[in-house]
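Asks: Sharing a structure here in structure tokens format.
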Amino acid sequence: MVAPGPLIDLVDVHKTLGTKHILQGMTLQVNRGETLVIIGRSGIGKTVTLKHMVGLLRPDRGKVLIEGRDISSYAQEDLDRVRMKFGFVWQNGALLNSMSVGANVALPLREHENLPDDEIRRIVREKLAIVDLHDVEDMMPGILSGGMKKRVSLARAIVRSPEFILYDEPTAGLDPIMSNAINELIVNMKTTLGVTSVVVTHDMPSAFRIADRIAMLRKGRIIKIGTPAEFLETDDPVIKQFVYGEEEGPDEATEV
Ligand SMILES: Nc1ncnc2c1ncn2[C@@H]1O[C@H](COP(=O)(O)OP(=O)(O)OP(=O)(O)O)[C@@H](O)[C@H]1O
Ligand SMILES: [Mg+2]
């Protein structure tokens, strides 16, 4: 049964890491079926926000609700169950260098499904083709370019056809043609499969292409959330500076 309400609901989340108060009352809802893009300056807490959504970090204060359930106090095995619904594309790719490309992409299938080897090979080939990679299954990740690694991690994220995908900088390091292809992939996942996506990006053309809503993170909380059109129309100088790439002073998290 599909629970009503937002798929993900961060409620007044606070998190201090080291000496920095990174999230300072972060409230953000992700609705089922939408593509929500999170923007904000480097070091502001975007990756930290994604990690809270899947229980890799727990809030010091506040709640993280997934389908209405607060996962912030879940035990490890319950978190593992929640995470099975998600696909992730982490910022650094996070491929295992000791395994072939094919084995990396197959990993979520081997962990969570009981499929024959030839079926796994077929699915892996199919997902790699979606990101325009062919005949790379036997290669080791170490010899791939940065952009190719990124696409392998995308293929791995979609290998189990998850309902919900988190992308951390999916187009960073890709050429414009490949960035467009990734944008189209994210849009298609939504329109054809109803996938819910949260995408962290610095790439404003990508944000405007894929977002249903954009959320801007600053000083530990969301300072604006709205449609791409609303972001383009805004008079707020801080948002305009970010969207149009103008210079601004440092925007570091607050020291505690
Ligand atoms: N495990 C950790 N321990 C201590 N500090 C951390 C930890 N993880 C993140 N931080 C700090 O939290 C801040 C936010 O980090 P985060 O990775 O979320 O930034 P970001 O917005 O994703 O930046 P970028 O756009 O550069 O990826 C940074 O100052 C970072 O150094
Ligand atoms: Mg980051």
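The values are calculated or read from the model by the stated rules, or taken from the named source; none is laboratory data. Quick caveat: nothing in here was measured; it's all calculated off a predicted structure. Here the Cβ is made from the backbone with ideal geometry for all residues, glycine too, and neighbour counts use every protein chain on show.
Asks: Of all strands (runs of 3 or more DSSP E) completely enclosed by segment 19-91, which ones contain at least 2 residues that are buried (at least 17 other Cβ atoms within 10 Å of the Cβ) and away from ligand 1 (no atom under 16 Å from the Cβ)? Spell out the reasoning first.
Replies: Values: elements: 20-30, 35-39, 61-66, 86-89.
Answer list for segment 19-91: 20-30, 61-66, 86-89.
Asks: Collect the residues in segment 74-90 that are among the β-branched types (Val, Ile, Thr) and over 16 Å from LEU57 (Cβ atoms), keeping them in residue-number order. Write out each step before concluding.
Replies: First pass over segment 74-90, keeping only residues among the β-branched types (Val, Ile, Thr): 82, 89.
Matches in segment 74-90: VAL89 only.
Asks: Report whether or not ASP12 is in a strand (DSSP E or B) and more than 17 Å from the chain's Cα centre (by Cα). Full working, then the answer.
Replies: Working: in a strand (DSSP E or B): yes; more than 17 Å from the chain's Cα centre (by Cα): yes.
Taking the combined requirement at face value, the residue satisfies it.
Asks: Which of the residues that make up segment 205-234 are assigned to a helix (DSSP H, G or I) and away from ligand 2 (no atom under 16 Å from the Cβ)? Steps first, answer last, please.
Replies: Of the residues in segment 205-234, the ones assigned to a helix (DSSP H, G or I) are 205-210, 228-233.
Passing the criteria: PRO205, PHE208, ARG209, ILE210, PRO228, ALA229, GLU230, PHE231, LEU232, GLU233.
Asks: Another question, if that's okay. Tell me which of these SER145 doesn't satisfy, since it passes every other one: (1) touching a residue at least 12 places away in the same chain (Cβ under 8 Å); (2) small (Gly, Ala, Ser); (3) more than 14 Å from LYS46 (Cβ to Cβ).
Replies: (1)
Asks: If you check VAL37, VAL54, VAL30, which single one turns out to be modelled with pLDDT under 95 and under 22 Å from SER161 (Cα atoms)? So that I can check it myself, show each step before the final result.
Replies: Numbers: VAL37 fails: modelled with pLDDT under 95; VAL30 fails: modelled with pLDDT under 95.
Sole residue among the options that is modelled with pLDDT under 95 and under 22 Å from SER161 (Cα atoms): VAL54.
Asks: Now for a different question. Among the residues of segment 192-204, count how many are more than 13 Å from ligand 1 (Cβ to nearest atom) and modelled with pLDDT of 90 or more.
Replies: Taking segment 192-204 as the starting set, the residues that turn out to be more than 13 Å from ligand 1 (Cβ to nearest atom) are 192-197, 204.
Subset that is modelled with pLDDT of 90 or more: 195-197, 204.
Counting residues in segment 192-204 that are more than 13 Å from ligand 1 (Cβ to nearest atom) and modelled with pLDDT of 90 or more gives 4.
Asks: For GLY68, state whether it is under 18 Å from ARG83 (Cα atoms) and of a type outside the set (D, E, K, R).
Replies: Numbers: under 18 Å from ARG83 (Cα atoms): yes; of a type outside the set (D, E, K, R): yes.
When the stated conditions are applied, GLY68 passes them.
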